[in-house]
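Engineer: Quick one: this structure, given as structure tokens, is what I'll be asking you about.
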Amino acid sequence: MISRDTFIGRIVYGGGFIFDFARWLVFIIVILTLLHFFVITIFIVDGASMDPTLATGDFGLLDKISYDFSDPQRGDVVVLNYPGDPDNKRYVKRVVGLPGEKIEVKNGLILINGKKLSENYLPKGLYTDKDGNWKLSGNEYFTMGDNRPNSNDSRYFGPVEKRFLVGKVVWILFPRFFSIVTPTY
């Protein structure tokens, strides 16, 4: 049995403000570390590929757990590990194509299974270049930046497997504060 009068006893049973504070501080650090690695994390946008939705320097909140229980939806803003260098590069993009769909970029338009995709979150008159056709497999997603002329996305590196998706962007915290709402199509 540990005596309350010993050094270890004061740590276990409480030994004043310093010991109580240290115990709570360690507890909070452990909880925040677990949240950061498994549930949510803060990230910083670096690059103009999602302008005007996200700007360089925006601090965002990334939900890392939702795609463990559900699949990404068209219009979700996601952080993904770049398939060409997944350990060192992360991109922020929007999910445009879902598994099993045929994606076609033609004459500035995006066609999903032959039907024009209406993207009301993009500035009017924005032209989508780099024509091409892609057939997505059962676990692939087609991602694009909102700033189409300045985005390295699935038009260039191809569809992205679900395993490369880190999570869904849910909030921008600073310098602007707003939630990211998935558009309806």
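Engineer: Is it the case that residue 120 is assigned by TED's automatic domain parsing to the domain that holds residue 105, in a loop (DSSP other than H, G, I, E, B) and touching a Ser or Thr at 6+ places or on another chain (Cβ under 8 Å)? Please lay out each step first, then the result.
Structural biologist: On the way: assigned by TED's automatic domain parsing to the domain that holds residue 105: yes; in a loop (DSSP other than H, G, I, E, B): yes; touching a Ser or Thr at 6+ places or on another chain (Cβ under 8 Å): no.
Against the criterion (assigned by TED's automatic domain parsing to the domain that holds residue 105, in a loop (DSSP other than H, G, I, E, B) and touching a Ser or Thr at 6+ places or on another chain (Cβ under 8 Å)), residue 120 does not qualify.
Engineer: Provide a single number: the residues in region 31-49 that are more than 30 Å from residue 145 (Cβ to Cβ) and either modelled with pLDDT of 95 or more or part of a strand (DSSP E or B) (or both).
Structural biologist: First, the residues of region 31-49 that are more than 30 Å from residue 145 (Cβ to Cβ): 31-34.
Retained after the next criterion (residues that are either modelled with pLDDT of 95 or more or part of a strand (DSSP E or B) (or both)): none.
Of the residues in region 31-49, 0 are more than 30 Å from residue 145 (Cβ to Cβ) and either modelled with pLDDT of 95 or more or part of a strand (DSSP E or B) (or both).
Engineer: Let me ask another. Residue pairs, Cβ under 8 Å, 6 or more apart or interchain, first in region 61-77 and assigned to a loop (DSSP other than H, G, I, E, B), second surrounded by 16 or more Cβ atoms within 10 Å (Cβ to Cβ) and among the charged types (D, E, K, R). List them.
Structural biologist: Going by the 8 Å Cβ cut-off, the qualifying pairs are 72/168; 75/94; 76/94; 76/168.
Engineer: Exactly one of (1) without any contact (Cβ under 8 Å) to a residue 12 or more places away in the chain; (2) loosely packed, with under 11 Cβ neighbours inside 10 Å; (3) not in a helix (DSSP H, G or I) is unmet by residue 21. Its number?
Structural biologist: The single condition residue 21 does not satisfy is (3).
Engineer: Something else now. When you scan region 123-138, do you find a residue that is buried (at least 16 other Cβ atoms within 10 Å of the Cβ), part of a strand (DSSP E or B) and without any contact (Cβ under 8 Å) to a residue 40 or more places away in the chain, even just one? If you could, list the steps in order and put the result at the bottom.
Structural biologist: Filtering region 123-138 down to residues buried (at least 16 other Cβ atoms within 10 Å of the Cβ) leaves 128, 134, 136.
Adding the requirement that they be part of a strand (DSSP E or B) leaves 128, 134.
Those left that are additionally without any contact (Cβ under 8 Å) to a residue 40 or more places away in the chain: 128, 134.
Yes - at least one qualifying residue is present in region 123-138.
Engineer: While we're on this one: Would you point out the residue of region 78-104, among those that are crowded, with 22+ Cβ neighbours inside 10 Å and free of Cβ contacts under 8 Å to residues at least 60 places away in the same chain, that is farthest from residue 145 (Cα to Cα)? It would help to see each step written out before you state the result.
Structural biologist: First, the residues of region 78-104 that are crowded, with 22+ Cβ neighbours inside 10 Å: 78, 80, 91-97, 103.
Next, from what is left, pick out any that are free of Cβ contacts under 8 Å to residues at least 60 places away in the same chain: 94-96, 103.
Numbers: 94: 6, 95: 9, 96: 9, 103: 15 Å.
Looking at the filtered set, the residue picked out is 103.
Engineer: With out of contact with any Asp or Glu (no Cβ under 6 Å at 6 or more places or on another chain) and over 16 Å from residue 183 (Cα atoms) as the only criterion, which of 96, 160, 105 stands out?
Structural biologist: Sole residue among the options that is out of contact with any Asp or Glu (no Cβ under 6 Å at 6 or more places or on another chain) and over 16 Å from residue 183 (Cα atoms): 160.
Engineer: I would also like to ask the following. Based on this model, can you work out whether residue 5 counts as outside any helix (DSSP H, G or I), at pLDDT 90 or above and either farther than 30 Å from residue 177 by Cβ or charged (D, E, K, R) (or both)?
Structural biologist: Values: outside any helix (DSSP H, G or I): yes; at pLDDT 90 or above: no; either farther than 30 Å from residue 177 by Cβ or charged (D, E, K, R) (or both): yes.
When the stated conditions are applied, residue 5 does not pass them.
Engineer: Does residue 63 satisfy the condition of being over 13 Å from the mean Cα position of the chain (by Cα) and among the charged types (D, E, K, R)? It would help to see each step written out before you state the result.
Structural biologist: Numbers: over 13 Å from the mean Cα position of the chain (by Cα): no; among the charged types (D, E, K, R): yes.
No; evaluated as a whole, the condition is false for this residue.
Engineer: Can you name the number of the only condition in (1) modelled with pLDDT under 95; (2) touching a strand residue (DSSP E or B) at 6+ places or on another chain (Cβ under 6 Å); (3) farther than 18 Å from residue 47 by Cα that residue 182 fails?
Structural biologist: For residue 182, the exception is condition (2).
Engineer: Here is a follow-up. Here's a check for you: in region 140-183, which residue that is free of Cβ contacts under 8 Å to residues at least 24 places away in the same chain and in a loop (DSSP other than H, G, I, E, B) is farthest from residue 99 (Cα to Cα)?
Structural biologist: 177
Engineer: Could you please find all residues in region 162-174 being exposed (fewer than 15 other Cβ atoms within 10 Å of the Cβ) and closer than 23 Å to residue 112 by Cβ?
Structural biologist: Restricting attention to region 162-174, the residues satisfying the condition of being exposed (fewer than 15 other Cβ atoms within 10 Å of the Cβ) are 162-163, 173-174.
Within region 162-174, 162, 163 qualify.
The values are calculated or read from the model by the stated rules, or taken from the named source; none is laboratory data. Keep in mind that what you see is a predicted model, and the values were worked out from it rather than measured. Cβ atoms come from the backbone with ideal geometry, glycine included; neighbour counts cover every protein chain shown.
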